[in-house]
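Let me begin by presenting the structure, written as structure tokens, before commenting on it.
The values are calculated or read from the model by the stated rules, or taken from the named source; none is laboratory data. Since we're looking at a predicted model, the values are computed, not measured. Ideal geometry is used to build each Cβ from the backbone, glycine not excepted, and the neighbour counts take in all protein chains shown.
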Amino acid sequence: MPLIFAGLLVMSASASTPQPANQAHSVGGQSTASTTNATVERPSSQQQDARAAYDAAMRALGVGLRNSASPRDRALVAYIGSAYLIESRPSTSAERMANGAVLRAAAEAAPGDGYVQSLWMADKPEYSGCNSRTPCPDRSKALIHAEPDNALAWLPAVEDAKDEAATDAALARMAQATTYDDHLGDAQKAWMDAFARYPLPAPRTAEAAKYTPLATVYEVANDLTKDTSASFAHPSFGGINTDCDRRRNPAASPQRFRDCAQIGRTILAHSGSLLGYMFGRDLLRISGQATPADIEMARIYRWQIDNWFQPRLGMLEDPEEVNAIADDWGHADNEIEVMRIELTRAGIALVPPRGWWPHSGRGPYNPLGEDADHAAPKTR
């Protein structure tokens, strides 16, 4: 549960039932064990009212999305599970199968919506709405039809390859893609839009009131985004990393690794998410085909991330900063754009000084070196 959420609900972090002695629990992120027989105080009536208001808001959201005329709305709730939103519980297997039918119908109603197609493509076959009576043999190609130039669309073909020749052919086709979009930004903005239509309850404490309604929505939407993004759900990232690892495939053709490097290059240049950056970086690194231009692009990315990520952890404790970050999403389409807006606002250059390299405990290193933890950077 996000920090703001906890303030919004006025709920204690502990369960409302008595806690036995010596039961492990978490304090400040550290696991401890209780040594007393004290019981946890039950929620007050105010806390119970706050929880009820939140549950009612989530039910309104779930029902509204499920009954929406928008295929994207229906895909959102089908993918995450209406039981999760409406009843705060995991979906049963039967419910997931029913949700799959809704997701399939949404995908068929919006063949040009890349985000909806990416969700349908990434879901497990048994929960995709496809079965022996009503098969959908082209589901793995759903994103290809919507976005043929998106490298992500060709990822299932790599995963489905049965032999080395098929793997090489799939990688070669993926290398022809000219862009990369994992739709993580679409997921974040879709949830923020949904909460704009189905608002969360007003804050119940002075601390929670320091956050704007948009900031509260941003925090909750950020959690839901991780559950409704193909970049988190799709299983084949590990597969392509294995196929493109030059050290693990000594008998593969040199062309395979050139194609892998081109895929990584395209992803690194066009990704709108940190996850995409890591995916592209890793493909370039393990292919062994990185060029000086690739290394410079990775160096710039790493500078931006180093100057953004760690300071941002502290910023998330500051209501004013969280409010600003939420507002940034109104001026950006994805995580990378938000990162660069925040860096610019902080007065940090987007390009590192000449000679700067990321550091590990063993000194500076080339982010695309074959052993990225301690490969020595090239002299510049």
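Below, the figures for the structure above:
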item: Enumeration of residues in segment 316-375 that are farther than 23 Å from residue 283 by Cβ, modelled with pLDDT under 90 and either touching a strand residue (DSSP E or B) at 6+ places or on another chain (Cβ under 6 Å) or assigned to a loop (DSSP other than H, G, I, E, B) (or both); result: 316, 317, 318, 346, 361, 362
item: Answer from 186, 245 - the residue that is under 19 Å from residue 123 (Cβ atoms), modelled with pLDDT of 85 or more and acidic (Asp, Glu); result: 186
item: So residue 70, is it of a type in the set (Gly, Ala, Ser), buried (at least 18 other Cβ atoms within 10 Å of the Cβ) and without any contact (Cβ under 8 Å) to a residue 40 or more places away in the chain; result: no
item: Neighbours by Cβ (under 7 Å, 6+ apart or cross-chain): first from segment 182-210, on the phi > 0 side of the Ramachandran plot; second assigned to a helix (DSSP H, G or I) and not hydroxyl-bearing (Ser, Thr, Tyr); result: 183/114; 183/230
item: Any hit, segment 248-266, residues being under 20 Å from the mean Cα position of the chain (by Cα), among the charged types (D, E, K, R) and either surrounded by fewer than 21 Cβ atoms within 10 Å (Cβ to Cβ) or within 30 Å of residue 73 (Cβ to Cβ) (or both); result: no
item: Test for residue 102: is it part of a helix (DSSP H, G or I), out of contact with any strand residue (DSSP E or B) (no Cβ under 6 Å at 6 or more places or on another chain) and surrounded by 24 or more Cβ atoms within 10 Å (Cβ to Cβ); result: no
item: Pick from segment 73-99, criterion surrounded by 17 or more Cβ atoms within 10 Å (Cβ to Cβ) and among the β-branched types (Val, Ile, Thr), ranking: farthest from residue 142 (Cα to Cα); result: 86
